[in-house]
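Novice: This is the structure I have questions about; it appears just below.
The values are calculated or read from the model by the stated rules, or taken from the named source; none is laboratory data. Computed from a predicted structure; not experimentally measured. Every residue, glycine among them, receives a Cβ derived from its backbone with ideal geometry; neighbour counts consider all protein chains shown. To get the accessible areas, we keep the full protein, side chains included, count just its heavy atoms, and leave off ligands, DNA and RNA. Shrake-Rupley method; radii C 1.70, N 1.55, O 1.52, S 1.80 Å.
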Amino acid sequence: MLYQIGEIYNLELICFKEFTAFGKSTYTAVYRSHDGIEFVFVPGDTVTLGFDFKNKPLQDIFNDENLTELVYPFVEGYEEEIFSEDDVQTKISEALEDEEVLSNIETYFKHNFTQEDEFVIHPLLVQKEYSETCWSLIPDDMLTQNKEWQNMIKKAEEKGVSEVMVHNTICLYKTDDSNWCGKLYEETTFKKLLQDIKDNRYSLPTQREWEYLAGKGCRTIFPWGNNIDFSMNLKHMEWMDNDGDYTLEKENFFGLVIGDDPYCREIVYDEDEFSYKGGDGGRNICGGLGVVWGGYLPISPYFQDSEMVIGDNINGGYDFFRRVVRINDNMK
């Protein structure tokens, strides 16, 4: 059937492979489209999606380390560093017993996580890696012939930097083989992106489909559990010696590379409405809310920013998308 699917949807079957992550695995097929995009066959399922915090004490959900991170922003005066370490621990203990603090935390989770329910997710062909928006590659001959761009590259070389960017205009960068490439920025709208995707016979995933792709129906906040694992090499975390080999930016149990980066949110589409999954564009982390609140709660499959307002234009620095192909029930 997987061979047949490739023929029907004009995809080259590259290989069969088992993908494993967070104790879950899928044996499936990897394809390549005529335009060079890799897709993975994701089997359908009837799954429970969303996370229900009702009648669940926070102490039963989070471990002590994560609870400390959750209440830390509620410790009065913590930003002014006026407390000793012992004082801070005392304040944190007091906050964990403060009904108002706990209520505020519970309210946040209830309003910013999708509600638990059962869904039928149909089989999909899903783009293996997400694509950026608004940026398009500059052809090599155009790059070499443009004197202004070549001068920018020359100055970058002299300074010993490997990338130079003009906001929402151009990005010039050195590749691993020391060649220079470039991208041009072009403003676009959500509607135009969707039309371009449809014109190529693709779709955007729905919110609930994306939750399944990212979590496979996990009954926890994250695919690996309810807590941030501080031994992970996490992007944007200052205490780590980040070498670029980030724990979460690898193939998951479906063979998909989910960004799992609070700055990289993916566009999803439900019944004429666009929204984001997989990040908040860095809103919380830039607000100084710490590792749990700012960095990694927004990457939960079930996180949904209740205050996010979607305008007409896409933000090319933070908005990404993933193509899907919906498989017809009656293949011929």
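Novice: So, how do all the Cα-to-Cα distances of segment 1-127 break down into 5 Å bins, in percent, from 0 on up?
Specialist: 2, 8, 13, 12, 10, 9, 8, 8, 8, 9, 6, 4, 2, 0
Novice: Relative contact order, percent, of the chain when contacts are C-alpha pairs under 8 Å separated by at least 6 residues?
Specialist: In percent, rounded to a whole number, it is 23.
Novice: Sticking with this structure for a sec: Could you work out what % of the accessible surface of the chain is carbon and sulfur, using a 1.4 angstrom probe and leaving DNA, RNA and ligands out of the count?
Specialist: The value for the chain is 44 percent carbon and sulfur by accessible area.
Novice: Would you pull out the residues with amide H under 5 Å of CYS264's amide H, same chain only if 5 or more places away, H placed 1.01 Å from N?
Specialist: Those lying under 5 Å, H to H, from CYS264 are GLY281.
Novice: Whole-Hz Karplus ³J(HN,Hα) for segment 223-234, in order, using 6.51 cos²θ - 1.76 cosθ + 1.60 and θ = phi - 60°, x for Gly and Pro?
Specialist: x, 9, x, 8, 10, 5, 8, 6, 8, 5, 7, 9
Novice: Which percent of Cα-Cα pairs in the chain sits in each 10 Å bin, short to long?
Specialist: In whole percents, the pair-distance histogram is 5, 22, 29, 25, 14, 5, 1, 0.
Novice: Scan around ILE138 for amide H atoms under 5 Å from its own, H built in the peptide plane at 1.01 Å from N, and keep only partners 5 or more places away or cross-chain.
Specialist: Answer set, sorted by chain and number: GLY182, LYS183, LEU184.
Novice: Mind checking which of GLU69, GLU266, GLU18 has the largest fluctuation in a GNM of the chain, springs on alpha carbons under 10 Å?
Specialist: GLU18
Novice: Once you list every other residue whose beta carbon is under 12 Å from the beta carbon of THR189, what net charge do they have if Lys and Arg are +1 and Asp and Glu are -1?
Specialist: Surrounding charge for THR189 is -3.
Novice: I would also like to ask the following. Compactness ratio of segment 1-60: Cα Rg over 2.2 N^0.38 Å, N = residue count?
Specialist: Here the answer is 1.67, to two decimals.
Novice: Would you please classify the overall shape of segment 79-189 from the alpha carbon gyration tensor, given that a ≥ b ≥ c denote the square roots of the eigenvalues, rounded means a/c under 1.5, and beyond that prolate means a/b larger than b/c while oblate covers the rest?
Specialist: It is oblate, given that a/c is not under 1.5 and a/b is not larger than b/c.
Novice: Give the separation of the Cα centroids, segment 101-167 to segment 24-74, in Å.
Specialist: Rounded to whole Å, the Cα centres lie 20 Å apart.
Novice: Additional query: Roughly what would the spin-label model give for ASP199 and ILE8, points 7 Å off Cα along C-beta, in nm?
Specialist: Label at ASP199, label at ILE8, 2.7 nm between them.
Novice: Between beta-carbons, use under 12 Å as the cut-off and find the net charge around ASP117, counting Lys and Arg +1, Asp and Glu -1.
Specialist: -3
Novice: Right, here's the next one. Out of all DSSP beta bridges in segment 127-263, what portion is antiparallel? Express it as a percent rounded to 5.
Specialist: For segment 127-263, the DSSP antiparallel bridge percentage is about 95.
Novice: State, as an integer percentage, the relative contact order of segment 1-131 based on alpha-carbon contacts under 8 Å between residues 6 or more apart.
Specialist: Relative CO of segment 1-131 lands at 32 percent.
Novice: Something else: If you take all C-alpha pairs in segment 268-308, what percent of them are over 11 Å apart?
Specialist: It works out to 63 percent of all Cα pairs.
Novice: Between THR90, THR68, THR189, where does the largest GNM mean-square fluctuation fall for the chain, given springs only between Cα atoms within less than 10 Å?
Specialist: THR90
Novice: Follow-up question, since we're still on this one. What net charge is computed for the residues neighbouring MET232, neighbours being all others with C-beta under 12 Å from the C-beta of MET232, Lys and Arg scored +1, Asp and Glu -1?
Specialist: -2
Novice: Could you compute Rg(Cα) / (2.2 N^0.38 Å) for segment 136-288, with N its residue count?
Specialist: The value comes to 1.28.
Novice: Sequence-distant or interchain residues sharing an amide H contact under 5 Å with PHE113, placed H: which?
Specialist: Those qualifying (amide H under 5 Å, at least 5 residues apart or on another chain) are GLN304.
Novice: So which GluC sites (Glu not before Pro) in segment 161-197 are both in a DSSP loop and have at most 14 other Cβ atoms within 10 Å of their Cβ?
Specialist: GLU186, GLU187
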